[in-house]
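Structure first, commentary second.
The values are calculated or read from the model by the stated rules, or taken from the named source; none is laboratory data. Everything numeric here is computed off the predicted structure, so don't read it as measured data. Heads up, the Cβs are rebuilt from the backbone with ideal geometry, glycines too, and the neighbour counts pull from every protein chain shown. Heavy atoms of the whole protein, side chains included, go into the accessibility calculation; ligands, DNA and RNA do not. Shrake-Rupley method; radii C 1.70, N 1.55, O 1.52, S 1.80 Å.
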Amino acid sequence: MTENGEASHPRQPVALLSGEGLGRPYLATGDTRPFKAPPLGDLKLTRVRDAEGESNPHRPRPPSLPRLSKTGKDGSLEETLRGRRLRNSQESLSDPAETGSSTDSLKEDQAVFGPGGFALSSAAATFRNSQGATALGPLPGPPAGSPVFRGRGHSLSDYESRPPSQQTDSTGQRVRSSKVRLSPVQPTGPLPMLASIRADNWIYRDCLDYSVLDRPRVGSRERLHRNLSDSRLLENMVSDCTSVNSMKSTYSVLSPIRPQDVRNRSFLEGSVMGSGALLGAEELDRYFPERRLGIYIATWNMQGEKGLPSNVDDLLLPPDSEFAQDFYVIGIQEGCPDRREWEIRLQETLGPYYVMLYAAAHGVLYLTIFVRRDLIWFCSEVEHAAVTTRIISQIKTKGAVGICFTFFGTSFLFITSHFTSGDAKVYDRILDYNKIVEALALPKGLPDTNPYRSTASDVTTRFDEVFWFGDFNFRLGKDKPGVETIIEQTAGTDMAALLQSDQLSSEMQDGSIFKGFQEAPIHFLPTYKFDIGCDVYDTTSKQRTPSYTDRILFRNRQVDDIKVVKYTSCSSIKTSDHRPVIGVFQVKLRPGRDNIPLGGGQFDRSLYLEGIRRRISRELKRREAMKNQSSTICSIS
C-alpha cells in the first residue's frame with residue numbers, strides 16, 4: 001500500500017519509450033539525464049520513486065488506478081469496470097441506484113490495460129498503438145482467476161464459457177480487446193404488464209371529476225375531455241414542469257391551477273363565451289358535462305302536528321333512488337310550530353354533503369332549499385316573497401311563498417302554496433292562483449335572463465324554470481265509494497279512470513289556471529285523506545273523498561328543458577292525513593354572465609353544525625345499542 005492509499009503492485013521489467021523528439025532511447029531505470037517529453041495527450045507525468053527510493057519527477061507513469069468505490073464481492077478491478085459499463089443499459093434501468101452518463105461509459109469501454117494491470121486512458125492507448133506494441137513489451141491482462149465481466153444475471157462471458165484448454169494465461173495475453181461483448185442480461189423478476197404502466201405527466205380520464213358515466217351520449221366524452229377545465233391548462237399540462245405531475249396529484253384530486261392562471265383570471269368581467277367567467281361555459285361544462293341539474297322536490301301537508309316523524313330518510317332519501325340530487329327543495333303546508341326544529345331535522349338527514357341555501361316562511365307555509373356544498377359558489381343572491389290569499393291578512397294559513405335565484409345562466413323560481421279547501425270551491429282556488437301570480441314580487445334585484453318573454457302580470461314568465469307545488473285542494477268529482485271501487489279494481493296501478501274526474505286536470509285543460517304548466521303522469525294513489533297512522537282513507541263522519549290534492553307542476557321557457565325522472569308519493573310517513581309527494585327532475589342548464597349579484601357561498605352555518613352534531617350523536621347511540629344487544633346475546637348463550 002502506497003502513501004496515498006493506492007494498492008501497491010510489483011514493479012515490471014524495464015520498458016523502453018521511443019517517440020518523436022527523443023534524441024536517444026530513454027531507459028526507465030531512474031536515469032536523471034535531461035529529457036524532453038513527447039506530446040502524449042492524456043499520459044500523465046507524476047513524481048514517482050525509483051528502485052532506490054529516490055524521487056524522479058521526469059519518469060512517465062500511467063494514470064492512477066480507477067476509484068474502487070463500487071467493487072464486486074471480490075473487490076476486483078474488472079468487476080468495478082463491468083458495473084460501470086452497464087450504465088444506461090437495459091439492466092441499469094431496472095436498478096434505480098445505478099446512475100451515469102453514456103459519454104463516460106463510452107470512454108471507459110475504450111480503456112486498455114497497461115503495466116501492472118493499470119488501465120490506460122484512450123489517448124495513452126492511441127499513442128501506444130501508433131508506436132507499436134513491441135516498444136512497451138508484452139502487457140499483462142487481468143490477474144488470473146478473476147471474474148471477467150460477469151453479468152448480474154450470473155451468465156458466463158465468452159471468455160469463461162470457453163474450454164480450459166483454450167483459456168490462455170493472463171500473463172501471456174498481449175493486447176485486450178477495446179470492446180467487451182457482454183452476455184445477455186436475464187431479468188431478476190417478472191416484468192410489469194404494459195396496461196399498468198402510466199406516464200408521470202399525463203392526464204387520465206379516471207382522474208376527472210365526472211369521469212364515471214354509465215351511458216354517455218354521443219359526443220359527451222369528447223366534450224368532457226375538452227371542457228374539463230380551462231383550455232390553456234389542458235394544452236400546457238404535459239410540458240409544464242412547474243405544475244403538479246398529473247391530474248391525480250399528491251395533494252388533491254382537483255385540477256391543478258397554474259400561477260399565471262390565478263394572476264390573469266377575473267370573475268368580475270366575463271361573458272357567456274369568455275374563458276374566465278365564473279358562470280361561463282367552461283366552468284359549467286366542468287361540473288355538468290351533460291348540462292343537466294338534478295332537482296328533488298317534496299311537498300307535504302303536515303296537518304300542524306307538533307310531533308315530527310322519527311325518521312325522514314324515506315322522504316328525502318328513498319331506498320329506490322340510485323343517486324342523490326344536486327338540489328333538495330321541500331315545501332310544507334300547515335307546518336309544525338317549531339320551524340327551526342324541522343330545518344335541523346332536514347339538515348341532519350341530508351348530512352354534510354348539503355348546506356341550506358335559503359329558507360323562507362309565510363305563517364305555517366315553509367319553503368327550504370338545500371344545495372350541494374360544491375355548487376353553492378355558482379348561485380346568485382337569493383330572494384323571496386310571500387302572498388296571503390285570506391281576506392284577513394293576519395291569518396297566514398292560505399297563500400304562497402316563493403324563492404328565486406340564478407344558477408349559472410339559468411333562473412329558477414320555486415313556489416309552495418296552500419289554496420282554499422272545500423269540494424265545491426273550485427272558483428275560489430282559481431282566484432287564489434291569479435292573486436299569487438300577480439302579487440308575488442319577484443325578482444327584486446336579479447336581472448331577468450330573458451326580459452322579452454316576460455309579462456308584468458305573471459311572475460312565472462320572468463324565470464327560465466318554475467316549479468309550483470303544494471296543497472292545491474283540488475278534489476275528485478266522485479263520491480268516496482266510487483273512488484274506492486276504482487282503486488280496488490285497478491290495484492292502484494292505472495289512475496286514468498280517477499283522473500278523468502280530477503278538478504285540477506280539467507281546469508288546466510280549459511286554460512283557467514296554471515297557464516303554460518305541465519304535470520307528469522300520475523301512477524300513485526290519492527294522497528288525501530287518510531286516517532293518521534294507517535293506510536285507510538277517511539273513516540270519520542265527514543267521509544271525505546280521496547283526492548289528489550298534493551301536486552307538483554313545472555313550467556319552462558324552452559321546450560324540453562325539464563325532464564321528469566320520478567313522480568310518486570311517500571307512503572311510509574303516516575303522521576298526517578296527507579301523504580308526501582315527491583318528484584325528481586333533470587333541468588337543462590345554460591352558461592351565464594358574471595353581471596349578477598353572487599351569493600358568495602353564503603349558507604346557514606349554525607344550522608349546518610347543529611345538524612351534523614345530531615347526526616353524530618344518533619350514530620353513536622345506534623352503535624352503543626348494537627353493542628349492548630350483542631353483549632346480551634352472548635351472556636344468554
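Which residues in segment 415-452 have a backbone N closer than 12 Å to a point placed 7 Å from the Cα of Asp458 along the Cα-to-Cβ line? Those under the cut-off are 434, 437-438. Listed values for segment 436-452 are Karplus-derived 3J(HN,Hα) couplings in whole Hz (6.51 cos²θ - 1.76 cosθ + 1.60, θ = phi - 60°), namely 5, 5, 8, 9, 6, 8, 9, x, 9, x, 6, x, 6, 6, 8, x, 6, and x replaces Gly and Pro.
Could you report segment 442-491's accessible area per residue, 1.4 Å probe, as an integer in Å²? Can you show the working numbers first?
On the way: 2200 Å² over 50 residues.
Accessible area per residue, segment 442-491: 44 Å².
Counting heavy atoms of the protein chains only and a 1.4 Å probe, report the per residue accessible area for segment 525-584 as a whole number of Å².
Accessible area per residue, segment 525-584: 38 Å².
Per atom type, segment 477-522 shows carbon and sulfur on 47% of its accessible surface, probed at 1.4 Å. The order of the peptides 297-308, 464-475, 580-591 by mean Cβ neighbours within 10 Å, most packed first, is 464-475, 580-591, 297-308. Extension gain, Ser421 to Asp338, is 27.5 nm, computed as 0.36 nm per intervening residue step minus the present C-alpha separation.
Sort 360-372, 499-511 by the packing proxy (mean of other Cβ within 10 Å over each peptide's residues), most packed first.
Details: 360-372: 22.1, 499-511: 15.9.
Descending packing order for the listed peptides: 360-372, 499-511.
Distant-in-sequence amide contacts of Gly399, defined by a placed amide H-H separation under 5 Å and a gap of 5 or more residues or a different chain, comprise Thr389, His418. For the listed peptides 609-615, 341-347, a ranking on the average number of other beta carbons within 10 Å per residue, highest first, reads 341-347, 609-615.
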